[in-house]
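Let me begin by presenting the structure, written as structure tokens, before commenting on it.
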Amino acid sequence: MRAPMVRAAGAAVAVLVTAAALMTPSSNAAAPQRAAHARAAAVTLKAPARVDEGDRVVLTGLVRVRPAGGTVTVQRMFKYTGEWRNVGRAKVGGRGGVRFVDVAHRGGVRYYRLVVPTRHSRVVSKGVAVTVWTWHDLSDEPYSSRLGTFQRQYVNVLDGIFYDDGIVADDAIDSGFMEWDLEDTRGVCTKLRAHVASQGIDYAHGSVLVDGVEVGSGDFVDGYGPFGVSKDISGARSVRFEWSKPADSSESLIMYDSAVYCSY
């Protein structure tokens with residue numbers, strides 16, 4: 001009876017050794033991942049969630065893997081390029097603090113990160129997103145539909161004040177419109193501004209609408225009746241410039257200095 005018991009015990013030991021061998025590679029594979037996370041946590045970066053175009057973007061970070069006086073690289077990636085590029089360097093302060101200032105020259109979402117060289121490699125912070133908001137001229141934006149209205153016209157408003165962003169009504173017909181679908185934009189739009197004036201001496205009616213509701217309107221007679229609009233349009237789906245006049249009127253309305261404030 002002793003011999004079979006020895007063989008059984010030996011088989012059990014073999015099974016345990018085999019199981020341990022199978023577990024060892026996965027444990028070793030997890031170790032570099034934990035080390036990578038630990039290194040990433042040693043470099044952190046913060047940034048404002050949103051700024052206006054032209055404003056400064058102030059980045060602040062904390063570096064625990066580089067002595068004071070050393071430098072780190074600041075990289076930026078725009079949402080639509082997918083490539084990180086160096087935009088500057090920052091010096092590490094006495095307590096590991098880092099500060100870098102960029103300027104937002106264009107709208108849209110951009111990402112920043114810190115890259116810190118080490119003895120054998122480098123440590124990279126998590127990327128932080130900054131949304132740059134800006135005004136977009138409606139005269140430049142693709143319209144969804146129009147009738148008897150022309151985009152991007154050079155117009156004379158109020159005795160010698162010229163604008164190159166006019167949206168002009170065709171005086172050969174008695175009504176028309178131009179509409180922009182905000183749901184087709186590349187981001188969110190939250191504000192609208194616009195002005196409406198006339199280029200004639202007859203009668204016409206003009207209005208600006210958001211989701212089909214008038215937010216500004218006026219009757220124009222002998223050149224009088226200009227109006228302006230400044231409106232919160234958060235969540236709106238469309239903006240529309242609309243006008244009408246009698247068939248015998250030569251009045252031509254214009255919308256100028258019109259823009260939407262958006263995150264793209």
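The values are calculated or read from the model by the stated rules, or taken from the named source; none is laboratory data. Bear in mind that the values here come from a model prediction, so they are computed numbers and not experimental data. Cβ: placed from backbone, ideal geometry, glycine included. Neighbour counts: every protein chain shown. Just so you know, the surface numbers come from the protein's heavy atoms only, side chains and all, with ligands and any DNA or RNA stripped out. Shrake-Rupley method; radii C 1.70, N 1.55, O 1.52, S 1.80 Å.
Structure values in brief
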{"quantity": "Long-range HN-HN contacts of Leu138 with modeled amide H, under 5 Å", "calculated": "Ser258, Ala259, Val260"}
{"quantity": "Residue-count net charge about Lys231 - beta-carbon cut-off 13 Å; Lys, Arg +1, Asp, Glu -1", "calculated": "0"}
{"quantity": "Cα gyration tensor shape of the range 139-178, rounded if a/c is under 1.5, else prolate or oblate by comparing a/b with b/c", "calculated": "oblate"}
{"quantity": "For Trp133, net neighbour charge (Lys/Arg +1, Asp/Glu -1) across residues whose Cβ lies under 13 Å away", "calculated": "+2"}
{"quantity": "For the range 94-183, convex hull of alpha carbons as volume per residue, Å³", "calculated": "180 Å³"}
{"quantity": "Computed Kirkwood radius, in angstrom, where 1/r is averaged over Cα pairs of the range 165-264", "calculated": "13.7 Å"}
{"quantity": "Distance in nm between pseudo-label sites at Lys46 and Ser249 (7 Å out along the Cβ direction from Cα)", "calculated": "5.7 nm"}
{"quantity": "The range 67-220 - Rg over Rh from alpha carbon coordinates, Kirkwood radius", "calculated": "1.22"}
{"quantity": "Solvent-accessible ranking of His120, His105, His205, largest area first, probe 1.4 Å", "calculated": "His120, His105, His205"}
{"quantity": "Arg237/Thr71 FRET efficiency (R0 35 Å; Cβ-Cβ; nearest 0.05)", "calculated": "0.10"}
{"quantity": "Eligible lysines near Lys46 by straight Cα distance, threshold 28 Å, same-chain separation 8 or greater", "calculated": "Lys79, Lys91, Lys126, Lys191"}
